[in-house]
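Here is the structure we will look at.
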Amino acid sequence: KTSDVDDSPTLFASSGVTAVSTGPMAALYGAFAPSGRVLHVVGVGAEQAGVIQSFARDPSIGVLAKLGEVSSAGLGPSHAAVDPAGHHLLVVNLRSDQVCSFPLSAAGLPATPSMCLHTGARPHQARFSPDGRFVFVPNRD
């Protein structure tokens, strides 16, 4: 544990793999900023509300420190992706059938979503093209 606070991340390491426990949120997916210094984890909180938790990562030892938590602006987030320039975080809200775009601050923290688009039944993932100009969103149904 990085501290004795209940909602602080708990780290586990084995064979070079580090995992983080996000407290009462059921973490479903994580996405690093291109710099590798910020990790955004999406998951489900109370009553299936979507949550984004952001963590700073010490690049020398990999330790995570929680920076903040915001709503995913939907239900049941299943995936997150940061654009190659590190300016936007996309969050797929599976149960709301939408993808939301969150501008990222200079510190890498998500702000209020700039847009949420309905994508059809049960979007599952969001992938940026290598140049960041396009996004592919497959639906489960």
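The values are calculated or read from the model by the stated rules, or taken from the named source; none is laboratory data. Computed from a prediction, not measured in an experiment: that's the story for all the values here. Here the Cβ positions follow ideal geometry from the backbone for every residue, glycine too, while neighbour counts run over all protein chains shown. Protein only, heavy atoms only, side chains kept; ligands, DNA and RNA dropped before computing areas. Shrake-Rupley method; radii C 1.70, N 1.55, O 1.52, S 1.80 Å.
Computed values, structure above
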item: Residue list for region 123-139, restricted to those being open to solvent by 90 Å² or more (accessible area, probe 1.4 Å) and either at positive phi or touching a strand residue (DSSP E or B) at 6+ places or on another chain (Cβ under 8 Å) (or both); result: ARG127, PHE134, PHE136
item: Test: residue in region 87-108 that is open to solvent by less than 20 Å² (accessible area, probe 1.4 Å), more than 16 Å from LEU28 (Cβ to Cβ), in a loop (DSSP other than H, G, I, E, B) and in contact (Cβ under 8 Å) with a residue 24 or more places away in the chain; result: yes
item: Matching residues in region 36-75 - criterion: being open to solvent by 10 Å² or more (accessible area, probe 1.4 Å), within 21 Å of ASN139 (Cβ to Cβ) and in a strand (DSSP E or B); result: VAL44, ALA73, GLY74, LEU75
item: Top-ranked residue in region 15-35 [being assigned to a strand (DSSP E or B), at pLDDT 70 or above and of a type outside the set (A, V, I, L, M); ranked as nearest to SER78 (Cα to Cα)]; result: TYR29
item: Subset of region 76-86 (residues that are under 14 Å from LEU28 (Cβ atoms) and either part of a loop (DSSP other than H, G, I, E, B) or hydroxyl-bearing (Ser, Thr, Tyr) (or both)); result: GLY76, SER78
item: Checklist (1) at pLDDT 50 or above; (2) in a strand (DSSP E or B) applied to PHE12, failing item; result: (1)
